[in-house]
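The values are calculated or read from the model by the stated rules, or taken from the named source; none is laboratory data. Quantities reported herein were computed from a predicted structural model and do not represent experimental measurements. Methodologically, a virtual Cβ is constructed for each residue, glycine included, from the backbone with ideal geometry; neighbour enumeration extends over all protein chains shown. Accessible surface areas use protein heavy atoms only, side chains included; no ligands, DNA or RNA. Shrake-Rupley method; radii C 1.70, N 1.55, O 1.52, S 1.80 Å.
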Amino acid sequence: MNNVIDIPYTDDILASAGMSRTELAETARIATAAKLFQDGKISLGQAATMCGLGKVDFMNELARRGHSCVNLGIEDADDELRFINGDD
């Protein structure tokens, strides 16, 4: 089942942003998915699906918008570094 989030806005917001309705909807969708991913609430795949994108395309969108596509906590990052360095 697909759910939809409604975000009310007026035409002056479109004018101020210099965006079409489609562009604003896409920006809001990507921003929401990126925030949920960055906060560790959803996976990269779930965030990509939320945007109607594949994982690689979503990762490219994150990079284009200045967001990291890596979502590791400090402990996870330490584990990864130990693995890379052969310290397991």
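In the condition set (1) in contact (Cβ under 8 Å) with a residue 24 or more places away in the chain; (2) open to solvent by 90 Å² or more (accessible area, probe 1.4 Å); (3) not in a loop (DSSP other than H, G, I, E, B), ILE5 is compliant with all but (3).
Working only within the stretch 8-31, note down all residues that are of a type in the set (A, V, I, L, M) and under 23 Å from LEU44 (Cα atoms). Listed by number, the residues that qualify are LEU24, ALA25, ALA28, ILE30, ALA31. If you go through the stretch 10-39 and keep only what is surrounded by 13 or more Cβ atoms within 10 Å (Cβ to Cβ) and more than 17 Å from the chain's Cα centre (by Cα), you end up with LEU14, MET19. Annotation note: of GLU61, GLU75, the sole residue that is at pLDDT below 95, touching a helix residue (DSSP H, G or I) at 6+ places or on another chain (Cβ under 6 Å) and in a helix (DSSP H, G or I) is GLU61.
Please verify whether GLY52 is on the phi > 0 side of the Ramachandran plot, open to solvent by 60 Å² or more (accessible area, probe 1.4 Å) and not β-branched (Val, Ile, Thr), treating the condition exactly as stated. Judged against the criteria, GLY52 is a match.
Summed over the stretch 51-65, the residues that are under 9 Å from the mean Cα position of the chain (by Cα) and under 16 Å from ASN2 (Cα atoms) give a count of 1.
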